[in-house]
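Engineer: Before I ask anything, let me first share the structure, which is written out below as structure tokens.
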Amino acid sequence: MPLEISPNLDALFVRLAHPARIIITTHQKPDGDAMGSSLALWHYLNKIGQRPVFISPTTYADFLRWLPGTDQALIYTDHKERCDELIDKADVIFCLDFGELHRAADVGHRIARSAAIKVNIDHHILPPEKAFADYWYRDEKASSTCELIYDFIYHHNPDNLLDTDTATCLYTGLVTDTGAFRYSVNPRVHEVAAQLLAAGVDIDRVSFHLFSNFSENRTRFMGYALYECLHVLPQYHTAYFRLPLEAQERFQLREGDTEGLVNFALGIEGVNFAILLNEQPDMVKISFRSLGKFATNLFAAHFKGGGHHNASGGKSTESLAQTEQRLLALLEEYKTQLDYEL
Ligand code: 5GP
Ligand code: MN
């Protein structure tokens, strides 16, 4: 679907012209795009005189802690009662970088019960029956929610209201969701990036925080995972990581430390489909990535998940071994769909 804007968006803009109790939220375990888009909107709304509150459903990765405004974020799991009260009393709730309320965990459940006006700005594929918002600004073809927030801000106010902090947050989401301008790139991505740089983004600083500031443990863990946990299945053009919890404990991994690992599997010659089975205390979190025509989001539906064509996620409440067996059985079913040349 191309850009879809709800027809009555002007009514939302009228509402935003008056003081409102505004909440901004995003999906649980927010990534660079989720944090970047939420904080950028937070900066913008402050600039037009609102006093929004950004509620993150869970904590975010350490490598995003430097983003301007993170110190203002309320972590739902740490401040449950206060957040519940804020959600219940809100006039407007912005839901960014997710389309299905369950992706925001307990925050999503609370929003479902709230009488507030709900606004959804997102770039995930969304089955119509899952839509929950009163207003929406959605584009499955957009590189990132940050690209859409840029457009939303411009749509709302074409005067130059992008300051350096807002632009830095948006640029971060553009970089992280495109794998540093490698995936989902279209001319618009570079146009937006150019505008953000013109607004004063310090690229060296962003790159340092995103790519040159990993802990020694995380780097050694990557080596361990590549050597011990990677399985390549040429008959399915697939490679997957099987990551037991004990390995993550051994390397004292922190939130966000496994980000990017799955892409190493996709980098192998002949591999069209890459998977990360990431054992957690209560479930196995699964990441799917593909190159070309294989639709990972349809495959992810077997694991209660979804996402984009080439990048999606899901979960399993079975054991790691059982999840792996189910995955292998499914790969056999998908064998012909996985057999193509790029
Ligand atoms: P990741 O593998 O990095 O966790 O997620 C990759 C992409 O899939 C992201 O765009 C993310 O929003 C989406 N995604 C991850 N997990 C789920 C899920 O359980 N359900 C849906 N619908 N999307 C997901
Ligand atoms: Mn995103």
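Every read-out reported here was derived from the displayed coordinates using simple, explicitly stated rules and does not represent laboratory data. It should be emphasised that the depicted structure is a prediction, and the values quoted were computed from it without experimental measurement. In this analysis, Cβ positions are derived from the backbone assuming ideal geometry, glycine residues included, and neighbour counts consider all displayed protein chains.
Engineer: Which count do you get for residues in region 142-161 that are surrounded by 15 or more Cβ atoms within 10 Å (Cβ to Cβ) and farther than 27 Å from Ala116 by Cα?
Structural biologist: If we filter region 142-161 for residues that are surrounded by 15 or more Cβ atoms within 10 Å (Cβ to Cβ), which is where we start, we get 142-154, 156-157, 161.
Checking the rest, the ones that are also farther than 27 Å from Ala116 by Cα come to 143.
Selection size over region 142-161: 1.
Engineer: Mind checking which residues of region 143-171 are within 15 Å of ligand 1 (Cβ to nearest atom) and not charged (D, E, K, R)?
Structural biologist: Passing the criteria: Ser143, Ser144, Thr145, Cys146, Leu148.
Engineer: Restricted to region 184-200, and to residues that are under 21 Å from the mean Cα position of the chain (by Cα) and not in a helix (DSSP H, G or I), which residue is surrounded by the fewest Cβ atoms within 10 Å (Cβ to Cβ)? Outline the logic, then answer.
Structural biologist: Taking region 184-200 as the starting set, the residues that turn out to be under 21 Å from the mean Cα position of the chain (by Cα) are 184-186, 188-190, 192-193, 196.
With not in a helix (DSSP H, G or I) added as a condition, the list becomes 184-186.
Details: Ser184: 21, Val185: 14, Asn186: 12.
Taking the candidates together, the pick is Asn186.
Engineer: Filter region 160-206 down to the residues that are over 12 Å from Ala142 (Cβ atoms) and small (Gly, Ala, Ser) and list them by number.
Structural biologist: Ala167, Gly179, Ala180, Ala193, Ala194, Ala198, Ala199, Gly200
Engineer: Within region 268-304, can you find the residues that are within 16 Å of ligand 2 (Cβ to nearest atom) and either free of Cβ contacts under 8 Å to residues at least 12 places away in the same chain or in contact with a helix residue (DSSP H, G or I) (Cβ under 9 Å, 6 or more places away or on another chain) (or both)? Before you say what the answer is, go through the steps one by one.
Structural biologist: Of region 268-304, the ones within 16 Å of ligand 2 (Cβ to nearest atom) are 287-289, 296-297, 300.
Selection gives Ser287, Phe288, Arg289.
Engineer: Among (1) surrounded by 15 or more Cβ atoms within 10 Å (Cβ to Cβ); (2) of a type outside the set (Ser, Thr, Tyr); (3) within 16 Å of ligand 2 (Cβ to nearest atom), which single condition is Phe181 missing?
Structural biologist: Result: Phe181 fails condition (1) only.
Engineer: Can you give me the ranges of the helices (runs of 4 or more DSSP H) entirely in region 80-163 with at least 2 residues that are within 16 Å of ligand 2 (Cβ to nearest atom), in contact with a helix residue (DSSP H, G or I) (Cβ under 6 Å, 6 or more places away or on another chain) and not basic (Lys, Arg)?
Structural biologist: Those helices (runs of 4 or more DSSP H) span 145-156.
Engineer: Need pairs with beta-carbon distance below 7 Å; first residue surrounded by fewer than 24 Cβ atoms within 10 Å (Cβ to Cβ) and within region 22-39, second part of a helix (DSSP H, G or I); sequence gap 6+ or separate chains.
Structural biologist: Gln28/Arg103; Gln28/Ala104; Gln28/Ala105; Asp31/Thr176
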